[in-house]
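Bear in mind that the values in this text are calculations on the coordinates, not laboratory data. On a predicted model such as this, the values are computed, not experimentally measured, just so you know. Using ideal geometry, Cβ is built from the backbone for each residue, glycine included, and neighbour counts are taken over all protein chains shown.
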Amino acid sequence: MTRLTVHDMPVPLQIDSEGVVRVGATRVTLDTVIRAYYDGCTAEEIVEQYPALSLADVHSAIAYCLTHSAEVDAYLQAREVEAESLHREVEGVCDQRGVRERLLARQAPRQGGS
């Protein structure tokens, strides 16, 4: 009978200089992969959406997240808080109110003359 040797496998997650967790040797964030998975995507569908990822890395990342769910959930929550804070900061610098209306108003004379 052939024996199977079980090897330890490294988790394909890296933390970049900004503290963001990336999957494999890509720029795809763990947040992106896990949100897609929680939204019902299969690992294969995630790889279709993000071809830089390998199927093995996606499966590994998902397995890691399922095994360490409390820690990963806390990380995802912290990232969400950071994103909301950044969004408010950008809104404070760039007033987006009325942008759509101004753009539509600019287009109106062009469309009327054609």
Next on the checklist: I'm trying to understand the selection: among the residues of segment 21-44, which are out of contact with any Lys or Arg (no Cβ under 8 Å at 6 or more places or on another chain) and part of a loop (DSSP other than H, G, I, E, B)?
Outcome noted: GLY24, ALA25, THR26, ARG27, ASP39, GLY40, CYS41, THR42
Checklist outcome for this item: Note on segment 42-66: residues under 14 Å from the mean Cα position of the chain (by Cα) and under 16 Å from ARG27 (Cα atoms) are ILE46, VAL47, GLN49, TYR50, PRO51, ALA52, LEU53, VAL58, ALA61
Next on the checklist: I'd like to check something: does segment 39-57 contain any residue that is in contact with a strand residue (DSSP E or B) (Cβ under 8 Å, 6 or more places away or on another chain) and touching a residue at least 40 places away in the same chain (Cβ under 8 Å)?
Outcome noted: yes
